[in-house]
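Beneath this line is the structure, given in structure tokens, with notes to follow.
Bear in mind that the values in this text are calculations on the coordinates, not laboratory data. Owing to the predicted nature of the structure, the values given are computational and were not obtained by experimental measurement.
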Amino acid sequence: MAGGGELNSHSSFPHVALNERILSSMSRKSVAAHPWHDLEIGPGAPLVFNCVVEISKGSKVKYELDKASGLIKVDRVLYSSVVYPHNYGFIPRTICEDSDPMDVLVIMQEPVLPGSFLRARAIGLMPMIDQASICLLWVRWMTKL
């Protein structure tokens, strides 16, 4: 080796110890938090609450929560001039008649990355029919305001 040094196979991390560390890390299953079930709705609900962004403001890509894995997946791409006008997502630990969490439209100046969560303040209500299913939970939830 240049400079007179030699490569020592018994340097600071012997191969045996490295192999043990690799095998040990492979045998442990890491579990990520599920944004729908594991994230709290937060203190102050229903006036202020946590929400998870699925679709960024200005996006042509429609994402949705994969209920089994908790990951945000691509649902479809909008091929017209239509974009999402604001960040769109859901409120954790809620459920509507369509078996999805309650939707939320987060009105703010900047787009937020899909999968991020933030605190939001309720400023209004917009009843919505989602694939021929209306969410009646908002009636019960918003009457607490």
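Directionally averaged projected area (segment 51-136, Cα convex hull): 5.9 nm².
Could you run the Debye sum over the Cα atoms of segment 36-77, one equal point scatterer each and no solvent, and tell me log10 of I(q)/I(0) at q = 0.32 Å⁻¹, two decimals? With no solvent term, the Cα-only Debye profile gives -1.06.
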